[in-house]
Amino acid sequence: MKRTLTLGGMAAGLLATAVVATPAANAANDVSANSLAKTNLAAQQVAAFWYGEDAANLINATPYGVETKVVAKHISKGGPSADSKPGVVPAIGDEKKSAAKSKNVNLPKTTGKVFFLGADGKPHWCTGTSVQSAYHNVVATAGHCVYDTESNAATLDKWVFIPGYYQTKTPWGIYVGKTAYTHYDYDVYEDGDRDYAFVTVYNGVKVESRGVSSSSTDGGKDWGTFETRAEAEKKIKDLQDAKETGASKLEITPVVDWAHKVALGTPDSQKVAASVAQLAVDPATIGTARTTLENWAKGHLGASTYTDNTWGSVVTETYRNSATGWNSNNATKQTTFVFAQGNKKYKATFWGNFDTDYQVTGKVLSIGLSDVGRLGDNVGGQGLAYNQKLGQPVFVFGYPSGVHPDGNNAFTGHTLKWTYGKTFAAKAPAIKAEELQAVKSSFTGEGALGSSWLLKYNNGRRLGYLNGVTIGVSDTDGNDRYDTSVSPYFDGETYGVYKAAANLWSGKIV
């Protein structure tokens with residue numbers, strides 16, 4: 001059920017002079033706050049994850065394709081209504097109204113790419129936009145570019161915003177997310193009408209130096225060995241969630257647990273060549289084990305398995321002039337035993353069946369970073385408009401990527417694109433959305449998620465009022481080409497979520 005906030009103050013419309021409504025005290029009940037990087041060290045390691053290894057994770061990131069396609073039959077009449085009087089927040093640098101005009105569409109510096117790890121553990125990106133705030137540190141995007149709807153984790157991991165990103169270039173630095181603010185109904189119920197997020201970010205950073213530090217010469221670090229693969233997988237998740245470790249390229253390798261011989265066929269076990277010392281397990285029993293192995297080999301020519309099924313031998317005739325006895329005086333190297341019977345010589349090799357453990361290894365990224373200042377000071381920030389009448393024209397700015405239903409690949413996602421149209425009411429029950437706004441747009445969904453809908457955009461100042469974010473696309477006329485983008489309707493509750501983020505300081509990470 002839609003909750004209505006009682007807002008104080010009044011703004012006569014978009015042409016009014018920066019009069020901003022104030023949310024009621026209970027607005028906080030509609031806001032969910034989730035930490036992305038709690039500490040400066042954690043934020044440094046998030047930045048290192050994207051910058052490290054020659055920016056491999058940025059290069060390999062793919063556009064986010066979760067919940068992008070809205071079935072056409074679910075785009076229907078109906079839609080939103082204002083829950084209070086219209087209001088606006090002016091853009092950074094646009095607090096005083098200007099009448100400057102431009103005939104060309106100049107792309108805003110405020111838009112960029114949001115990068116994160118998806119539920120699949122792989123790097124992905126959406127579109128995000130810098131918006132006005134008290135400390136010039138807030139990014140707006142789609143809710144499901146912050147909240148993990150696939151695995152139901154609280155937030156997507158290693159979240160950063162890079163305005164103007166292009167093929168590893170970060171012209172204004174990289175901004176690590178600190179806290180994500182979403183509507184309670186989206187955080188809990190995944191309500192499509194509340195699929196938006198406002199994220200506070202730390203000061204931006206740029207790279208001064210980069211490399212890999214580790215405890216071994218090959219660039220690997222041992223993060224521990226575990227009895228089961230599930231325990232090893234949990235370790236990897238803990239390392240990724242902690243962020244402070246700087247762990248990267250984590251891998252699980254099965255290793256022999258030489259301390260535990262087990263019977264053949266035991267789950268998570270493996271049959272491997274073994275020495276006297278390994279088969280003895282207990283160093284105190286090496287002498288006894290050696291005698292047993294010698295006697296067993298002499299009495300069991302061919303391939304044989306010991307009665308407890310934990311070890312065995314393979315005895316073959318040898319035609320070499322090998323000396324009889326073991327191939328070494330060191331029990332850890334005694335893997336071959338040669339003996340004579342009659343006028344023939346035989347060579348015995350031994351195997352054991354051991355439990356399998358799972359070792360976690362990876363790299364630790366080392367990045368030298370310098371502070372480049374606050375996001376809004378570097379690229380500006382769009383204003384915010386809410387409870388506006390539908391039917392007004394908006395510019396949509398984003399990084400569309402992916403194919404149309406007919407397979408046509410119209411956009412690469414490499415460069416910022418724009419479309420223009422008038423908003424109209426829509427609903428999409430398939431994504432639990434009854435109060436959406438839509439605009440005619442040829443944007444494909446992947447990558448365009450989170451695209452900014454700017455009302456009253458001024459080309460000269462490259463500023464306007466954020467009045468929506470793309471949460472999905474649809475082919476409404478059935479010609480196998482996407483023609484419509486949809487966004488939540490920004491109302492007083494949207495303003496309440498925005499305001500929760502807009503008055504909080506993030507600080508520096510270096």
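The values are calculated or read from the model by the stated rules, or taken from the named source; none is laboratory data. Just so it is clear, the structure is predicted and the values come from calculations on it, not from any experiment. When we count neighbours, we look across all protein chains shown, and the Cβ atoms used for this are built from the backbone with ideal geometry, even at glycine. Heavy atoms of the whole protein, side chains included, go into the accessibility calculation; ligands, DNA and RNA do not. Shrake-Rupley method; radii C 1.70, N 1.55, O 1.52, S 1.80 Å.
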Less than 9 Å Cβ to Cβ from F339, Lys/Arg counted +1 and Asp/Glu -1: what total charge do the surrounding residues give?
+2
HN-Hα couplings for the stretch 399-410 via Karplus (6.51, -1.76, 1.60; θ = phi - 60°), in whole Hz with x for Gly/Pro, come out as 10, x, 8, x, 9, 6, x, 7, x, 5, 9, 7
Which FRET efficiency, nearest 0.05, do T168 and T288 yield, Cβ-Cβ r, R0 60 Å?
0.45
Quick one: putting +1 on the C-beta of Lys and Arg, -1 on the C-beta of Asp and Glu, what dipole do you get for the stretch 272-345 around its Cα centre, in Debye to the nearest 20?
300
Loop-resident chymotrypsin sites (Phe, Trp or Tyr not before Pro) in the stretch 287-359 with no more than 14 other Cβ atoms inside 10 Å, DSSP not H/G/I/E/B, are Y319
I want the local charge near K234. Using Cβ-Cβ distances under 13 Å, sum +1 for each Lys or Arg and -1 for each Asp or Glu among the other residues.
-2
Probe 1.4 Å, protein heavy atoms only - accessible area per residue of the stretch 360-510 in square angstrom:
32
Between the residues N409, F350, A425, the Cα farthest towards the positive end of the dipole of the stretch 318-459, that dipole coming from +1 and -1 charges on the beta-carbon of Lys, Arg, Asp and Glu, is from F350
Excluding K109 itself, what net charge comes from residues whose Cβ is under 12 Å from its Cβ, given Lys and Arg +1 and Asp and Glu -1?
+1
Compute the relative contact order of the stretch 101-201 as a whole-number percentage, counting only Cα pairs closer than 8 Å that sit 6 or more residues apart in sequence.
27
